[in-house]
């Protein structure tokens, strides 16, 4: 996207007014995530990631998404398992970190159902968002040079006009929609992330549309009491969705830990197509909304356990260890 | 129970002994985390551990499933961003980068993207993640991985992370920061470095139960063998104890 075009888009489409953007997950997806949208999810694939919106995309059967896999883990894998993604730009995908490779994602790429259109490194993807956040066409960087990752990206290499040394130019990335899960936000979208921000400080400004999902909605006075905690100001935001435990089975720093039992079930079921369907039926198609899902994964008893785990009151278990 | 040890434990101990005190290490998923914690506990109390998602110097008492989880900011000195820590690396603050790999070649080039053809892969792997950045920007890169003929290959199927690319001078010619590159490769057979002139992989040390024959039998390219090859001590009781403490579930360190 041309930076002037991107500026013009902001001028025309971004609300500067204090109006409530509070809506349901289903409204947010209907309004902002279309077939063939280029989407990016904040967080770290299974850490502080908006699984609530992932579920809703699947339930609404949005198709042919182009996915920014800038450390994508459970987010992209669910979408691929449900057939919502057709193309991927990859820094990290099709894996579950220490849990191993993701059967659903791997199968889709190896059979050609999902096409990998480009490769990046994490820093390269982050700096694509940073370039966009700064309203620039690209950023110079000293990563990916000399590798196949460079060749499969759309980066260029030029001579630095100041030093005459080679330097990589990383093109800006302006996603159609970004979805970022946060600890707290007000109804206007002022959002606070506790802990590491990963790529979200940049991603929030790079994206055209921005959906915030939040563990809790708080009054604006609460935000104004600690403005230094604000990662995202309201005028970047198009939708605010309140969903406690919205990152489950992912980790939400300071609130709840990974649900490794659930991951084990997911990774085991998705080894086959039948199992994948069974998972989607049980946990997504077969429930009305994310509250229904939270009941199905074990309800309050399970959620209390995950909160205790995050506080290190109990030892984690890893049922996927062979 | 602690008098015997597994190949993985030997690898982790060998890797932990490479790291230095008062330095900064940027760690990848899995074995690099365990080895760095062992090093910090036993040998370099002032080793500073950095994670790609923005965790700086957490007080780790457990292996973490993710390099972006709560553990990576647990009692840390800073919880920041990918941009911040990657910029630190580009600025020259990272002494050691510490990675895993699926395939490696004689120049230390690493593949974690695909086995087979990129368009229609036999096995699709996760891709670079932060590995390319760590391998591009750290002063010294350590790789820890299993060694066999399919992993130590003449040409990697895909260069995800740069080693010495095509040999001496090629990193600099392509614009990567000068004086950086692969430093050590740790496998279940031994510890390797890179020849100062040719930049080809070179054996540095064996373990008590591995031989020169194992080295070559488990590599598709010829590994340089210098006149003097060290034999490392087996894992100490303390090293084994720390490994089991931080990985009580046996995710990396197998239970017996």
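Since every read-out is calculated from the coordinates, none of them should be taken as a lab result. Keep in mind it's a predicted model, so treat the numbers as computed, not measured. Don't worry about glycine lacking a Cβ; one is built from the backbone with ideal geometry, like all the others, and counts go over all protein chains shown.
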Item checked: Shape of the stretch A:122-171, Cα gyration tensor, a/c cut at 1.5 -> oblate
Check: What residue among A:68, A:185, A:108 shows peak mean-square fluctuation when chain A is described by a Gaussian network model with Cα springs under 10 Å?
Finding: A:108
Margin query: Could you work out [θ]222 nm for the protein assembly as shown from helices alone, using -39500 (n - 2.57) per DSSP H run of at least four and dividing by all its residues? Round to the nearest 500 deg cm²/dmol.
Written below: -8000 deg cm²/dmol
Checklist line | Translational diffusion of the stretch B:7-246, µm² s⁻¹ [Kirkwood Rh, Cα pairs; Stokes-Einstein; 25 °C; 0.890 mPa s] | finding: 137
Check: Starting at 0 and stepping by 20 Å, how many percent of the alpha carbon pairs of the protein assembly as shown end up in each bin?
Finding: 22, 56, 21, 1
Note to self: Which of rounded, prolate or oblate describes chain A when judged by the alpha-carbon gyration tensor and an a/c cut-off of 1.5?
What the structure shows: oblate
Note to self: As a test of understanding, state the convex hull volume per residue of the stretch A:160-258 from its alpha carbons, in Å³.
What the structure shows: 144
Check: Could you state the principal axis extents of the C-alpha atoms in the stretch B:140-234, from the largest down, to the nearest angstrom?
Finding: 41, 26, 20
Next item on the list: Note down the relative contact order for the stretch A:122-171 as a percent, whole number, built from C-alpha pairs under 8 angstrom at least six residues apart.
Entry: 39
Notebook entry, point to check: Across the residues of B:241-251, average count of Cβ atoms on other protein chains within 10 Å?
Noted result: 2
Notebook entry, point to check: Which order do A:134, A:23 fall in if you start with the one that has the fewest other Cβ atoms within 10 Å?
Noted result: A:134, A:23
Next item on the list: Give me A:113, A:202, B:52 ranked fewest to most by other Cβ atoms within 10 Å of their Cβ, as a rough exposure proxy.
Entry: A:113, A:202, B:52
Checklist line | Packing-based order for B:105-118, A:78-91, using average beta carbon neighbours within 10 Å, highest first | finding: A:78-91, B:105-118
Check: To the nearest whole number, what is the average tally of beta carbon atoms from other chains within 10 Å of the beta carbons of peptide B:49-57?
Finding: 4
Next item on the list: Name the shape class, rounded, prolate or oblate, that the alpha-carbon gyration tensor gives for the stretch A:38-126, where a ≥ b ≥ c are the square roots of its eigenvalues, rounded holds for a/c under 1.5, and otherwise prolate holds if a/b is larger than b/c and oblate otherwise.
Entry: rounded
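Using the C-alpha atoms of the stretch A:197-322, what convex hull volume per residue, in cubic angstrom, is computed?
Enclosed volume per residue, from the Cα hull, is 156 Å³.
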Notebook entry, point to check: Using alpha-carbon pairs under 8 Å, 6+ residues apart, how would you state the relative contact order of the stretch B:7-246 in percent?
Noted result: 19
Item checked: Per-residue average of Cβ from other chains inside 10 Å of A:95-102 -> 5
Note to self: For chain B, set up a GNM with springs between Cα atoms under 10 Å and report which of B:235, B:45, B:196 has the largest fluctuation.
What the structure shows: B:196
Note to self: Using alpha carbons only, how many angstrom separate the centre of the stretch B:190-216 from the centre of the stretch B:12-40?
What the structure shows: 20
Check: Just how far, in whole angstrom, is the stretch A:140-209 from the stretch A:64-102 if you go by their alpha carbon centroids?
Finding: 18
Checklist line | Ranked list, fewest to most other Cβ atoms within 10 Å of each Cβ, for A:306, B:232, A:280 | finding: B:232, A:280, A:306
